[in-house]
Amino acid sequence: MDKLKVGIIGCGNIFPMHAASIQLTDLAELKAVCDNKEDRARQAAEKYNCNYYTSYEEMIDKEELDVIHICTPHYLHPPMTIYAANKGKHILTEKPMSTKLEDAKAMVEACEKNNVTLGVIFQNRYNPGSQLIKSAILDGSLGSVLGAKCSVTWNRSDHYYSGSDWKGTWDKEGGGVIIDQAIHTMDLMRWFIGEEIEYVDAQIGNRAHEQIEVEDSAEGVIKFRNGVFAGFFAVNYYSYDAPVEIEIHCMKGTAKMVAEKATITYNDGTIITREKNPNEIIDYGEGVKIYWGVSHSKQIRDYYDALRSGKPLYIDGKEAFKTQEMINAIYTSGKENRRIVFPSPE
Ligand SMILES: NC(=O)c1ccc[n+]([C@@H]2O[C@H](COP(=O)([O-])OP(=O)(O)OC[C@H]3O[C@@H](n4cnc5c(N)ncnc54)[C@H](O)[C@@H]3O)[C@@H](O)[C@H]2O)c1
């Protein structure tokens, strides 16, 4: 079978994870890259031996691509997805889908209308520990979920924000600690619980950053339709990136995730743990944080597999939309100081 021809838009921090993952798979080849900063596009093209563009429309129009990866600031994910979908391309976008919920909806609709497959990166679902907890909930060994909580206490300094032309802004990033950092943990917690949301009630604030307009702290509750309350606490003014924690309290035991290590303690005393495999290491090149691990590559390979085999995609646009809806509801709740009952109206 011919390899899928891939183009990537955005050659910033996350770009190497996508480019190296494409190189590693025998299912696809990187044909072109695009960045509106020409030097970035040129350097990326030299490194990966492909064509480069400064206009994504031109790349999509000129190259005969099957798949577009989107690695740009959040507010650009919707117009880029919709343009590519209307040209018949499959799209794999980085999280989050968008800054606004109506834009995420338009992405799903454009992909459905054009019969192309939208995937959204939530690579932490592929971590071995995440898989252990999800399967123990799915196969019933943990029993029904009774409650959940998570915390993300990381460090994103004023310097981190001043080094970016889009982070820390409502219009381009769409928020702060929730939409950018805690979104992974919130997505995992929602996925573990596996139920529809009844309401979101949250508070957000900027309590420690001088230079940004978005929130650096948030706390609240997600109530699910099965009656489960899931509490969350997220800040990015802590002194370091402490390990994220998720706890899922179930009828037959408790599952706990600390960073990537999962521990399930059953009520009968049995304990099962799973950590990332230390032998699974991918060299993504300079500047790529080690903790991002190998899960990006797993998700990208899975996405191509689904395209080729026609089997249902694991994290498609509709599934990612549910997390987007939860995230946007946290913002609406926090800004308007009210409970957001689902389905949320935004
Ligand atoms: N999954 C993860 O763990 C993870 C980690 C980091 C970043 N991300 C996501 O990846 C995306 C990019 O983040 P980043 O940290 O790489 O940002 P970045 O700012 O380092 O890179 C974004 C790139 O997009 C380019 N760009 C901006 N406008 C463009 C346009 N109109 N056309 C073409 N290129 C354009 C910029 O020049 C820049 O090179 C975001 O959605 C972010 O949330 C995900």
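Read the figures in this text as sums done on the coordinates, not as results from a lab. Fair warning: this is a prediction, and the values are worked out from it, not measured in the lab. Here Cβ is always computed from backbone atoms with ideal geometry, including for glycine, and neighbour counts include all displayed protein chains.
Among 316, 268, the order by Cβ neighbours within 10 angstrom, fewest to most, reads 268, 316. Over all other residues within a Cβ to Cβ distance under 14 Å of residue 235, the charged ones net out to -4, with Lys and Arg as +1 and Asp and Glu as -1. When the charge dipole of region 4-123 is built from unit charges on Cβ atoms (+1 for Lys and Arg, -1 for Asp and Glu) and taken about the Cα centre, the candidate among 97, 59, 18 whose Cα reaches farthest toward its positive end is 97. If we count every other residue with Cβ under 15 angstrom of residue 65's Cβ, Lys/Arg +1 and Asp/Glu -1, where does the sum land? After counting each charged neighbour, the total is -2.
Only Cα pairs within less than 10 Å get springs; with that Gaussian network setup on the chain, which residue of 11, 71, 50 has the largest fluctuation? Result for the chain, Cα springs under 10 Å: 50 fluctuates most. Under a model in which nothing but the beta-carbon of Lys, Arg (+1) and Asp, Glu (-1) is charged, region 4-123 shows a dipole of about 160 debye around its Cα centre.
Relative to the dominant Cα principal axis of the chain, helix 101-113 is inclined by about 60°. Over the chain, what is the percentage of antiparallel beta bridges among all DSSP beta bridges, to the nearest 5? Looking only at bridges with both residues in the chain, the antiparallel portion is about 60 percent. All Cα-Cα distances of region 1-142, cut into 10 Å bins from zero to the largest, leave 12, 39, 31, 13, 4, 0 percent in each bin in turn.
Measuring r between the beta carbons of residue 251 and residue 198 and using R0 = 22 Å, the FRET efficiency lands at 0.65. About its Cα centre, the dipole of the chain is roughly 680 debye, where the only charges are +1 on Lys and Arg Cβ and -1 on Asp and Glu Cβ.
What the phi angles of region 236-250 give under the Karplus curve with 6.51, -1.76 and 1.60, with θ = phi - 60°, is a coupling list of 10, 10, 6, 6, 7, 7, 5, x, 5, 10, 9, 10, 10, 8, 10 Hz, glycine and proline written as x.
Among residues other than residue 299 with Cβ under 13 Å from its Cβ, the summed charge is -2 (Lys and Arg +1, Asp and Glu -1).
What whole number of Å gives the distance from the Cα centroid of region 217-235 to the Cα centroid of region 94-142? Region 94-142 and region 217-235 have Cα centres spaced 19 Å from each other. Along the axis of the charge dipole computed for the chain (Cβ charges of +1 for Lys and Arg, -1 for Asp and Glu, origin at the Cα centre), the listed residues 313, 115, 263 are led at the positive end by 263. If only the Cβ of Lys and Arg carry +1 and only the Cβ of Asp and Glu carry -1, the dipole of region 211-346 around its Cα centre is close to 600 debye.
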